[in-house]
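See below for the structure under consideration.
The values are calculated or read from the model by the stated rules, or taken from the named source; none is laboratory data. Here the structure is a predicted model, which means the values were calculated and not measured. In this analysis, Cβ positions are derived from the backbone assuming ideal geometry, glycine residues included, and neighbour counts consider all displayed protein chains. Ligands, DNA and RNA are excluded from the accessible area calculation, which covers all protein heavy atoms including side chains. Shrake-Rupley method; radii C 1.70, N 1.55, O 1.52, S 1.80 Å.
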Amino acid sequence: MNKKKIIITGGAGFIGSHVIRRFVNQYPDYQIVNLDALTYAGNLENLEDVESKENYKFIKADIRDAELIESIFETEQPDAVIHLAAESHVDRSIKDPLAFVQTNVIGTVNLLNAAKKTWKSDYSKYRFYHVSTDEVYGALGETGFFTEETAYNPHSPYSASKASSDHFVRAYHDTYGMDTVVSNCSNNYGANHFPEKLIPLSINNIKNNKSIPIYGKGLNVRDWLWVEDHARAIDVIFHNAKTGTTYNIGGHNEWTNIDLIKLLCKIMDKKLDREPGTSEKLITYVEDRAGHDLRYAIDPNKLQNELGWKPSLQFEEGLEKTVDWYLANEKWLNNVTSGNYQQYYELQYKDK
Ligand code: NAD
Ligand code: TYD
C-alpha cells in the first residue's frame, strides 16, 4: 500500500494523544489525521510537540454529526481508522447517560457508515480499529480474570455504551465483511490524564492540600496500565491482528484504590519534601459511586502469546514518573483546571 492515511479519533484526549504521538513519530510515511470535537476532555496542548510535523493534521469535528463525518471521509479517503473518541468518565455517565449513547454508540455507527461508504465494500486494503475498555465485561469477584471469551455484562451507562459500540463494530465485520479489530484495555495512567479521574485528581488535590475523595471503603480493585504501554499495544494490534479479532490489554497490576492512594501519598510526600504521612491525612472517605464495580482484572495472555506485547514498566516506577510529569507541567495542569486550555484551538489553529 502507498502511504497510509489513518484517521485517529479522540486524538486530543488522554490516550489518543499518546497514540497520535507514537504513530506520528514511529511512522513518518503515514499521514495521521486527528479528528476530535475538543469537548471538555480534548486538549490540543497535549500535542504541542507534534503539531508542526508534516505527517500530522488536525480536524475539529464531532462524530455525532453524520453528514460532516461522511464528507470528511470523502475528502480524506483514509486507509484506516483508529477510533478512540468517546465520553469516558463513569461518574459523568451516571449523571447524563444520553450523552454517552450519542457519542459512544451513535458516533461510532456514524464512523462505521462513513468508512463503509468510502471503502465501497472493498475491505482488503482498509481497517477499522475500535479502542474499548475492560468495563464491558462487568465486575469480577475476588478471583478470576477477564478473557476475550468473557460474556459482556456492563453495569454503568459508560460501560453499556462502550459494549454497544463494540457490538456494532463486530456487526459491521460479520454483516458487511469490514476489516475490524477491537481491543479492551484496563485502567490507564500517565501524563495528560484529565484531573477528574482517580490518579490525576488525587495528585492535583495533594499538591493543593485538598482532600482526596475515596468512594466507599476504597476496596474496589482496578488493574492499572501505563498509557504508553497501551499506545504500543494499539500499534502492535493495529499492524498484526487478523480481521475480526479482539485482544484484551493489561499488565497484571491490580491495586485496591486505598492501597494505590497510600502509595501515591508516599511518593508525593517525598517529591514535595513533606513530612512522611502528611498527604495521607488528606484521605477522606465519601459516599460510594452508584453501581460501583468491585474489581477489574485482565488476562493478557492472548496478546502476549500471539503478538509478543508485554508491559514495559513496573507500577511504582510508572506512578513516580507520572507524579514527576504533573509536578513539572504546572502550566498544563493550571490551564486544565482553569479552563484556559479550551482557548488553545482558537489561538493556534482557527485562522491558519
Ligand atoms: P478522554 O476523555 O481523555 O478523551 C476523549 C477524547 O474524545 C477527547 O479528546 C474528546 O474531545 C473526544 N471526543 C469526545 N466526544 C467526541 C465527539 N462527539 N466527537 C469527536 N470527538 C469527541 O478519554 P481517554 O481516557 O483518552 O479514552 C480514550 C478511549 O479509550 C475511549 O474510547 C475510552 O473508552 C477508551 N479507554 C479508556 C481507558 C482509560 O483508562 N482512560 C481504558 C480503556 C479504554
Ligand atoms: P476512575 O479513575 O473514575 O476510573 P473507572 O471508574 O473507569 O475505573 O476511578 C478509578 C477507581 O477510583 C474507581 O473504583 C472509582 C474510584 N474513585 C474514587 O474513589 N474517588 C474518586 O474521586 C474517583 C474519580 C474515583
For the chain, what is the charge dipole size about the Cα centre, in debye to the nearest 20, if Lys and Arg each add +1 at the Cβ and Asp and Glu each add -1 at the Cβ?
260
Over the chain: helical MRE at 222 nm, DSSP H runs n ≥ 4 each giving -39500 (n - 2.57), nearest 500:
-12000 deg cm²/dmol
Starting from the Cα of Asp49, step 7 Å along the direction of its Cβ; do the same at Thr256; then give the gap between the two resulting points in nm.
3.7
For the chain: relative contact order, % (alpha-carbon pairs under 8 angstrom, 6 or more apart):
17
Sorting His155, Ser211, Thr180 by the position of each Cα along the dipole of the stretch 83-222 (Lys, Arg +1; Asp, Glu -1; all at Cβ), the one nearest the positive end of that ordering is Ser211
Relative to 2.2 N^0.38 Å, what does the C-alpha radius of gyration of the stretch 260-332 come to as a ratio? Two decimals please.
1.50
List the trypsin sites (Lys or Arg not before Pro) within the stretch 222-255 that fall in a DSSP loop (any state other than H, G, I, E or B) and whose Cβ has at most 11 other Cβ atoms within 10 Å.
Lys242
Probe 1.4 Å, protein heavy atoms only - accessible area per residue of the chain in square angstrom
43
Please give the FRET efficiency for Leu327 paired with Asp288, using the beta carbon to beta carbon distance and R0 = 25 Å, rounded to the nearest 0.05.
0.25
Can you list which of the chymotrypsin sites (Phe, Trp or Tyr not before Pro) found in the stretch 275-352 are DSSP loop residues with at most 15 other C-beta atoms within 10 Å?
Tyr349
GluC sites (Glu not before Pro) restricted to the stretch 62-151 and DSSP loop, no more than 15 other C-beta within 10 Å
Glu142, Glu149
Taking just the C-alpha trace of the chain, give me its Rg and Dmax in Å.
19.8, 64
Taking 0.36 nm per intervening residue step and subtracting the Cα-Cα distance, what contour gain separates Ser211 from Leu347 on full extension?
45.5 nm
What length, rounded to one decimal in nm, is gained on full extension from His89 through to Leu272, with 0.36 nm per residue of separation minus their alpha-carbon distance?
63.0 nm
